[in-house]
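Participant: Here you go, one structure.
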Amino acid sequence: MARHRHARQTISRRMVVAVCAGSALTVVHELAAAPADARLRRFRRSRARAQIAPPPVNARSCDPTMTSGIAGLVTIGPMCPVVTLDNPCPDRPFAATILVQDAKGRTVCETASGEDGRFTIGLAPGAYQLVPVNGAAGLPYAMPQLVTVEPGRYTEVTVSYDSGIR
């Protein structure tokens, strides 16, 4: 009995992992440094946080040496609370992560724009959806957009993030 009780007292965290529809679901609950019985009761009563990881990225689908793909610029704005003719406030380049999904909604590639806001993704011709990764609290926010890649050329796009400043 004492050995079992001691083992329960040394638990610091509990993690459960499951796979559902191609995504990994990880449920994590941190247990405070309290007596084992109190921690177990708190764990049973509490709601664990759930995080859904994106499906694995197929790196072969995005090849920078391809002759077709998407080239773009990511901007964020407004960056000033008040914009007037005397005080213009243009959007600024923004470093962001963008997921590329195929016509079936599967993530085929992930890219990040540089500090200058520019990115290039080599892709085979076809229809894709760019899904900008939004901020943790919902801001900054950008809408997904459909892009058609034609053979032998890079399609130019602009991804515009809303900063939420008003």
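The values are calculated or read from the model by the stated rules, or taken from the named source; none is laboratory data. As the structure is a computational prediction, the values presented were derived from the model and not from experiment. As a convention, Cβ positions derive from the backbone with ideal geometry for all residues, glycine included, and neighbour counts pool all protein chains shown.
Participant: Do you know which of the residues in region 105-125 that are aliphatic (A, V, I, L, M) and under 14 Å from residue 68 (Cα atoms) is surrounded by the most Cβ atoms within 10 Å (Cβ to Cβ)? Give the steps one after another, and end with the answer.
Facilitator: Here is the first cut: in region 105-125, the residues aliphatic (A, V, I, L, M) are 108, 112, 121, 123-124.
Still in the running and under 14 Å from residue 68 (Cα atoms): 121, 123-124.
Values: 121: 26, 123: 21, 124: 16.
Selected residue: 121.
Participant: Evaluate the following for residue 74: is it part of a strand (DSSP E or B) and either within 30 Å of residue 61 (Cβ to Cβ) or among the hydrophobic types (A, V, I, L, M, F, W, C) (or both)? Reasoning before the result, please.
Facilitator: Working: part of a strand (DSSP E or B): yes; either within 30 Å of residue 61 (Cβ to Cβ) or among the hydrophobic types (A, V, I, L, M, F, W, C) (or both): yes.
For residue 74, the condition - part of a strand (DSSP E or B) and either within 30 Å of residue 61 (Cβ to Cβ) or among the hydrophobic types (A, V, I, L, M, F, W, C) (or both) - is met.
Participant: Can you report the number of residues in region 69-83 which are touching a Leu at 6+ places or on another chain (Cβ under 6 Å) and exposed (fewer than 14 other Cβ atoms within 10 Å of the Cβ)?
Facilitator: 0
Participant: Restricting attention to region 126-158, which residues are exposed (fewer than 15 other Cβ atoms within 10 Å of the Cβ) and either part of a loop (DSSP other than H, G, I, E, B) or in contact with a helix residue (DSSP H, G or I) (Cβ under 9 Å, 6 or more places away or on another chain) (or both)?
Facilitator: Listed by number, the residues that qualify are 133, 135, 136, 137, 138, 139, 143, 144, 150, 151, 152, 153.
Participant: Test of understanding: among 127, 142, 136, which residue is closer than 30 Å to residue 82 by Cβ and modelled with pLDDT of 95 or more? Full working, then the answer.
Facilitator: Values: 127 fails: closer than 30 Å to residue 82 by Cβ; 136 fails: modelled with pLDDT of 95 or more.
Exactly one of 127, 142, 136 is closer than 30 Å to residue 82 by Cβ and modelled with pLDDT of 95 or more, namely 142.
Participant: Could you tell me whether any residue of region 93-102 is among the β-branched types (Val, Ile, Thr), closer than 22 Å to residue 151 by Cα and touching a helix residue (DSSP H, G or I) at 6+ places or on another chain (Cβ under 7 Å)?
Facilitator: Within region 93-102 (the criterion being among the β-branched types (Val, Ile, Thr), closer than 22 Å to residue 151 by Cα and touching a helix residue (DSSP H, G or I) at 6+ places or on another chain (Cβ under 7 Å)), the answer is no, since none of the residues qualifies.
Participant: Just give me the residues in region 57-71 being modelled with pLDDT of 90 or more and not in a loop (DSSP other than H, G, I, E, B), in sequence order. Quick ask: steps written out before the conclusion?
Facilitator: The first filter runs over region 57-71 and keeps only residues modelled with pLDDT of 90 or more, leaving 66-71.
Selection gives 69, 70, 71.
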